[in-house]
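Values quoted throughout were computed directly from the atomic coordinates according to the rules given, and no laboratory measurement underlies them. Source: prediction; values computed, not measured. Cβ placement follows ideal geometry from the backbone for every residue including glycine, while neighbour counts extend to all protein chains displayed.
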Amino acid sequence: MSTLLHLPHEILLWIYRSLDNMYDAVHLAQSCKLLSCIFDRPQNRLKIFLSVINNMPRTPSPDKAWLEDRFGAGSLWQPEESDIPSALTDSGTRTFLTTVGFPAVKLRCAYFDSTHLTKDAGFLEPYDADELYGERYPDDDSPPTNLCFHFGSVGEWMMMVSGEDGDVSHYDPAGWDHADGYQGMIAGSLESFAVLLGMLAEVAERPYMVSDGLREDEEREEARKAILDRLRERMVEYDSSVEKGSKFWDDVFEGLE
């Protein structure tokens, strides 16, 4: 550390900007007064945050450590194979749940809540997707063949995972009675949704660390917008479901502005 502190400030700033997660940047700033002073300059901090978002690894298959770093130790719901309903046939979803697990958390920045997964012994209730999404005629009493499962909520909105192909859809109960329950795709898979939530958790509650140090309202708004825009770009690179026009993700990012 003593050798590091003799480096020019430009090099120390470059070291900050080479990091790939917010936690390391914050911990580095807490290690000594000089590094704290560099981090505390709002202009530096904005550059650091934007660089860290650029460097964030787009892990194709998140492990437990990656998710727990973002949601906390013991935050993942990891059922046994026998606890997953047989109607959830998508092999990728089943493997992800039994080997890694999905975060059962309340994510304040997005008002997302999946804590129901750890209640009632983690029982997943099947829903008739055709009925929810207006694909079943009112007088059709045949047994459901297209099932989905509830993995999270934002207010009344529900995040539903298809039992057959594992994609994550946005269901709005307010549209159920007029065939408008389906509100679009949220993620291509449950695994992808977990990564997107992890990226959101890591960054979305931290823009204030930049904006609070700026004097002008316009500067604060521009800094927050720059961080959130960069975050969404990275999330879109990971899963195109986050593109603008998604009712779910548009609402999440509007709430962060």
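Each part gets one Cα centre, and for the range 102-132 versus the range 31-54 those centres are 37 Å apart.
Within 10 Å, count the other beta carbons around each residue, average over each peptide in 20-32, 184-196, and list them highest first.
Packing proxy ranking, top to bottom: 184-196, 20-32.
Just to be sure I follow the rule: in the chain, considering lysines 8 or more places apart or on different chains, how many pairs have Cα atoms under 22 Å apart?
8
If you bin all the Cα-Cα distances of the range 64-196 at 5 Å, starting from zero, the percentages per bin are 2, 10, 20, 24, 20, 13, 6, 3, 1, 0.
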